[in-house]
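Student: Sharing a structure with you now.
The values are calculated or read from the model by the stated rules, or taken from the named source; none is laboratory data. This one's a predicted model, so the numbers in the text were calculated from it and none came from an experiment. Cβ sites come from the backbone with ideal geometry, for glycine too, and all protein chains shown count toward neighbours. Just so you know, the surface numbers come from the protein's heavy atoms only, side chains and all, with ligands and any DNA or RNA stripped out. Shrake-Rupley method; radii C 1.70, N 1.55, O 1.52, S 1.80 Å.
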Amino acid sequence: MSQWAKASSNIGVNYGQLGNNLPSPYRSIELLTTMNAGPVKLYDSNPEILSLLSTTKLQVSIMIQNHEISGIAANQSIADEWVRNNILPYYPGTKIRYLLVGNEVLSYSSEQGHQMWHDLVPAMKNIKRSFKAQNIHGIKIGTPLAMDVLQSTFPPSSGMFRSDIIDTVIAPMLEFLNRTKSFFFIDAYPYFPWSQDPDNISLDFALFRGTSTISDPGSGLIYTNLLDQMLDSLIFAMSKLGYSNIQVVIAETGWPNSGDIEEHGANIFNAATYNRNLINRMTAKPPLGTPARPGVVIPTFIFSLFDENQKTGPGTERHWGLLHPNGTPIYEIDLTGKTPLTDFTSLPEPMNNVPYEGKVWCVATKDANQMELQATLNYACNQGDVNCDALAPGRECYTPVSVADHASYVFSSYWAKFRSEGGTCYFNGLAEQTTEDPSRGSCKYPSVSL
């Protein structure tokens with residue numbers, strides 16, 4: 001903890017780069033500095049960014065990518081080479097503080113994923129050996145995990161790791177973290193449990209605005225917010241394995257500022273409220289900690305610096321940013337926690353805090369590239385199991401003969417057919433949802449009912 005006490009107590013920021021419209025690394029680091037960010041967390045070991053950071057006081061967390069884990073676990077010389085190529089050219093001029101091995105590795109359930117589970121701790125150990133050989137002592141090794149590593153989280157005192165990983169991965173990992181005085185890095189997003197169960201979890205409780213408290217019958221501890229419950233379920237789970245002193249770092253948290261129509265609660269008002277209240281809590285002096293660990297500093301990284309338009313999946317995936325891609329703030333934020341909440345200008349009232357009920361269609365975006373639309377349309381009609389007969393000359397949806405109209409019909413058809421199997425209205429950024437029926441005359445577009 002002393003390392004964190006000495007360091008800036010400002011909130012850290014995740015700097016992801018999955019966008020085709022983001023500022024240059026140079027400009028992004030300028031923005032981080034202007035925002036008074038604490039440490040910056042990367043999802044790789046980008047050489048340009050690491051070189052640029054050497055001219056700043058920013059601490060940085062770098063990452064070994066998931067596909068690199070197995071090689072590093074299998075071969076000490078591969079681990080040595082990774083350290084030689086990705087750390088030695090920059091350290092200690094660039095203030096690398098954490099090396100994270102993989103990202104949410106234990107959330108992958110494929111055969112390849114299971115191999116990564118098996119390789120995770122051996123990879124961490126091989127990197128540690130490389131550090132010793134190179135006399136590197138100032139970098140902690142960890143791995144960020146999602147809340148799905150727990151099979152029980154409520155009440156927090158029932159917290160327990162999943163049975164398929166507890167003995168094979170979690171126990172040796174905790175032993176490593178404890179022995180090396182490292183941290184348990186957790187990605188904790190109250191938005192997800194709240195959005196999945198808004199009838200039983202109050203929005204105010206998720207946004208740190210709760211006036212009610214919840215008592216844990218197992219421990220007698222009193223909770224005022226959802227994040228504390230999530231963190232304590234992890235702390236109880238670690239304690240049950242004999243590790244009650246491993247410090248927790250929140251590797252990712254935040255709230256989406258927008259999303260798809262069915263993603264209620266994803267709006268600027270809630271995102272600003274969550275992140276401002278989070279910052280106030282995590283920068284409080286003396287530190288607040290959680291009910292199970294009062295008074296303990298919890299280093300925290302907000303996700304994310306920018307909205308990233310090339311992330312796949314539901315709409316919220318592309319809307320976690322503090323900044324627009326042009327570098328302007330989506331809402332006012334003070335990462336130091338010094339600005340009183342009452343000093344921020346008022347926010348747009350939220351319009352989607354309750355689940356939407358009605359029909360939704362999937363249509364081409366207004367600025368979609370015509371050639372990309374045509375290629376996607378051809379693919380969906382030829383290989384995508386979508387019936388495009390209605391678009392044939394003389395049929396009900398042939399006119400108007402425009403790529404955008406034809407694509408919108410196909411997008412709606414595909415989404416209506418495959419949504420139940422995880423299909424999304426995205427199509428590489430060419431599509432968006434609408435509640436306005438695009439049907440015309442006898443041409444009826446398929447819809448999804450929410």
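Student: For region 383-403, give me each residue that is surrounded by fewer than 17 Cβ atoms within 10 Å (Cβ to Cβ) and in contact with a Leu (Cβ under 9 Å, 6 or more places away or on another chain).
Tutor: Hit for region 383-403 is TYR398, nothing else.
Student: Taking region 129-144 as the region of interest, how many residues are in a helix (DSSP H, G or I) and either more than 20 Å from LYS41 (Cβ to Cβ) or touching a Leu at 6+ places or on another chain (Cβ under 7 Å) (or both)?
Tutor: Qualifying residue count for the region: 4.
Student: Looking at (1) open to solvent by 50 Å² or more (accessible area, probe 1.4 Å); (2) over 22 Å from ARG318 (Cβ atoms), which is the one condition that is false for ARG419?
Tutor: Failing condition for ARG419: (2).
Student: Here's a follow-up. So PRO348 fits all but one of (1) open to solvent by 80 Å² or more (accessible area, probe 1.4 Å); (2) under 27 Å from the mean Cα position of the chain (by Cα); what number is the exception?
Tutor: Just one mismatch for PRO348, condition (1).
Student: Given (1) closer than 22 Å to THR153 by Cα; (2) open to solvent by less than 10 Å² (accessible area, probe 1.4 Å); (3) not acidic (Asp, Glu), where does LEU305 come up short, assuming only one miss?
Tutor: Of everything listed in (1) closer than 22 Å to THR153 by Cα; (2) open to solvent by less than 10 Å² (accessible area, probe 1.4 Å); (3) not acidic (Asp, Glu), LEU305 misses just condition (1).
Student: Return the pair list, or none, for Cβ contacts closer than 6 Å from residues in region 375-397 that are in a loop (DSSP other than H, G, I, E, B) to residues that are among the polar types (S, T, N, Q) and surrounded by fewer than 13 Cβ atoms within 10 Å (Cβ to Cβ), at least 6 apart or on different chains.
Tutor: From region 375-397, the pairs are GLU396/SER442.
Student: Could you run through region 407-425 and say how many residues are assigned to a loop (DSSP other than H, G, I, E, B) and at pLDDT 90 or above?
Tutor: 1
Student: Taking region 86-116, which residues are touching a residue at least 40 places away in the same chain (Cβ under 8 Å), in a helix (DSSP H, G or I) and surrounded by fewer than 20 Cβ atoms within 10 Å (Cβ to Cβ)?
Tutor: Matches in region 86-116: SER107, GLN115.
Student: Out of all the residues in region 220-246, which are part of a loop (DSSP other than H, G, I, E, B), touching a residue at least 60 places away in the same chain (Cβ under 8 Å) and open to solvent by less than 50 Å² (accessible area, probe 1.4 Å)?
Tutor: LEU221, TYR243, ILE246
Student: Moving on to the next point. Is one or more of the residues making up region 426-443 among the small types (Gly, Ala, Ser), closer than 19 Å to GLY259 by Cβ and not in a loop (DSSP other than H, G, I, E, B)?
Tutor: Yes; the residues of region 426-443 include at least one that is among the small types (Gly, Ala, Ser), closer than 19 Å to GLY259 by Cβ and not in a loop (DSSP other than H, G, I, E, B).
Student: Considering only region 364-382, state which residues are among the hydrophobic types (A, V, I, L, M, F, W, C), at pLDDT below 90 and open to solvent by 40 Å² or more (accessible area, probe 1.4 Å).
Tutor: If the condition is that a residue be among the hydrophobic types (A, V, I, L, M, F, W, C), at pLDDT below 90 and open to solvent by 40 Å² or more (accessible area, probe 1.4 Å), then CYS381 is the only one that fits.
Student: With the structure loaded, tell me whether ALA404 is hydrophobic (A, V, I, L, M, F, W, C), assigned to a helix (DSSP H, G or I), more than 27 Å from the chain's Cα centre (by Cα) and more than 27 Å from GLY19 (Cα to Cα) or whether it fails that test.
Tutor: Spelling it out, it is not the case that ALA404 is hydrophobic (A, V, I, L, M, F, W, C), assigned to a helix (DSSP H, G or I), more than 27 Å from the chain's Cα centre (by Cα) and more than 27 Å from GLY19 (Cα to Cα).
Student: Please list, ordered by first then second residue, the pairs with beta carbon atoms under 6 Å, 6 or more apart or interchain, first in region 160-175 and at pLDDT 95 or above, second part of a strand (DSSP E or B) and surrounded by fewer than 16 Cβ atoms within 10 Å (Cβ to Cβ).
Tutor: Cβ pairs passing all conditions: MET160/GLN151; MET160/SER152; ARG162/GLN151.
Student: A follow-up question, please. Determine whether ASN270 is more than 22 Å from ASN10 (Cβ to Cβ), touching a residue at least 60 places away in the same chain (Cβ under 8 Å) and assigned to a loop (DSSP other than H, G, I, E, B).
Tutor: The answer is no for ASN270.
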